[in-house]
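The values are calculated or read from the model by the stated rules, or taken from the named source; none is laboratory data. Computed from a predicted model, the values in this text were never measured in an experiment. In this analysis, Cβ positions are derived from the backbone assuming ideal geometry, glycine residues included, and neighbour counts consider all displayed protein chains.
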């Protein structure tokens, strides 16, 4: 009898508990989208089906979009992104601005139509103005014209800029800007070259 | 596939002959036409659009008795308005069809009509789903013809059936779904108005409004850079390629769900397709 009562109480409690859990997590539209996408896509070239799976940053920024995500989970994700940043092994932030210009112009990389043997571009001009000579620039990101000239090239500025190229989502979690270092889109040397494009006094960005 | 002037003259000649039935107008996604490199094409084409050729070919395919079942789409194919009725059909798609128990867009509904209705081979049709020069797509031709018959008709989705509502909600979730090496979602490029990538204007497709209407109502479209008429299936698939995701399957649920979301945001906009795009 005693155990029967306990069982009844337990059964009665189950729907309440699970109902509360569902309410707390909201209908997870990321999970719903993923289940449809898994049957709607197929691996091609270098783009495998694993690319459909979200990491924590992607999930956080999708779940509430177009609204900004809540503060508490955001702080954790931002901290994790910041922690993933690796500074240049030799301590040198600046490479060759000419190579950086080519990387900024190059739009291919990581698409299933791209040659995986070829280094990815940064495609900076897709979203940013940099060199005044290149008028075909996008406006999703701010203008970076005279980036180094306006800011100088002190250590803290170099470090901050390196961080932002490496993982902008350690600063603005849901920014449109890819995490070029953390996601392995650009190599350390390529990021150095883009840094030089931004800071070198001879770079057309600073003319 | 570049547009050559020799081909252009041919288009103009044929376009003139077909002018009575062809009402496609030039519609441009770009708002800053001053810096629009495609503007040259507008001047070249005048009031004409190479999609006229697809419209004519599609009309033939629609009316012709074809396939093992010896029937014409014009007498058997129901695009949601009744058998053979094409006027306004595109403006009310995607929608739920009781016979397939699925929400379908124009491409997948045409496929149903050709395979189930006419008995044509699905694999054969899909092999040429995206035309390439001499390898012509029947679906793209039919889509051009059918959408042309909706010129001026406002987008208005039934959105009554639970599956239609479900498709919209899933389409919205997919639109905002960030993934892949670059963390992109559809909203990364199409979440705000007045921005551009390189020189290309980016319409805001995340919310109902003018951008969403102007964009959706001008597809399917003759794509100058492709030299072909393309439907939304192609357009969405190519966006996912640039999003660094795997390949979107043609006619898949995600493609239709997303089309439903885009169509809903375009409601009230008057169809003006086939359009003409860069």
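What the table shows:
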read-out	value
Residue identified as within 12 Å of chain A (Cβ to nearest Cβ) and on the phi > 0 side of the Ramachandran plot among B:198, B:178, B:166	B:198
Hits in region A:124-166 (condition: more than 22 Å from residue A:78 (Cβ to Cβ) and part of a helix (DSSP H, G or I))	A:124, A:125, A:126, A:147, A:148, A:149, A:150, A:151, A:155
Residue match in region A:97-116 (condition: farther than 26 Å from residue B:206 by Cα and touching a strand residue (DSSP E or B) at 6+ places or on another chain (Cβ under 6 Å))	no
Some residue of region B:270-277 being in a helix (DSSP H, G or I) and over 14 Å from the mean Cα position of the chain (by Cα)	no
Restricting region B:46-59 to residues that are surrounded by 13 or more Cβ atoms within 10 Å (Cβ to Cβ) and either over 18 Å from the mean Cα position of the chain (by Cα) or in a loop (DSSP other than H, G, I, E, B) (or both), the residue that is modelled with the highest pLDDT	B:50
Answer residue from region A:167-207, given it is in a helix (DSSP H, G or I) and within 14 Å of chain B (Cβ to nearest Cβ) and is farthest from residue A:80 (Cα to Cα) among those	A:168
Segments classed as helices (runs of 4 or more DSSP H), wholly inside region A:27-85, with at least 2 members that are more than 15 Å from the chain's Cα centre (by Cα)	A:29-40, A:71-83
Test: residue A:114 is touching a helix residue (DSSP H, G or I) at 6+ places or on another chain (Cβ under 6 Å) and within 14 Å of chain B (Cβ to nearest Cβ)	no
Qualifying positions in region A:28-52 - more than 7 Å from chain B (Cβ to nearest Cβ), closer than 19 Å to residue A:178 by Cα and either without any contact (Cβ under 8 Å) to a residue 12 or more places away in the chain or surrounded by fewer than 18 Cβ atoms within 10 Å (Cβ to Cβ) (or both)	A:50
Condition met for residue A:85 (farther than 28 Å from residue B:199 by Cβ and in contact (Cβ under 8 Å) with a residue 24 or more places away in the chain)	yes
Residues located in region B:140-163, provided they are closer than 26 Å to residue A:39 by Cβ, in a helix (DSSP H, G or I) and either in contact with a strand residue (DSSP E or B) (Cβ under 6 Å, 6 or more places away or on another chain) or within 8 Å of chain A (Cβ to nearest Cβ) (or both)	B:140, B:163
Any hit, region B:206-217, residues being in a helix (DSSP H, G or I), over 21 Å from residue B:249 (Cβ atoms), more than 13 Å from chain A (Cβ to nearest Cβ) and touching a helix residue (DSSP H, G or I) at 6+ places or on another chain (Cβ under 6 Å)	yes
Residue in region A:122-143 that is within 13 Å of another protein chain (Cβ to nearest Cβ), buried (at least 22 other Cβ atoms within 10 Å of the Cβ), farther than 25 Å from residue B:192 by Cβ and under 19 Å from the mean Cα position of the chain (by Cα) present	no
Lone qualifier among B:181, B:259 - being in contact (Cβ under 8 Å) with a residue 60 or more places away in the chain and part of a loop (DSSP other than H, G, I, E, B)	B:181
Positions within region A:148-172 being buried (at least 20 other Cβ atoms within 10 Å of the Cβ) and over 16 Å from residue A:95 (Cα atoms), in sequence order	A:167, A:168, A:169, A:170
Selected residue [within 12 Å of chain A (Cβ to nearest Cβ), closer than 30 Å to residue B:126 by Cβ and in contact with a helix residue (DSSP H, G or I) (Cβ under 6 Å, 6 or more places away or on another chain)] from B:233, B:247	B:233
Residues (within 8 Å of another protein chain (Cβ to nearest Cβ) and touching a strand residue (DSSP E or B) at 6+ places or on another chain (Cβ under 9 Å)) located in region B:181-190	B:181, B:185, B:189
Counted residues, region A:53-64 - those being at pLDDT below 95 and either at the interface with another protein chain (Cβ under 7 Å from one of its Cβ atoms) or within 23 Å of residue B:238 (Cα to Cα) (or both)	0
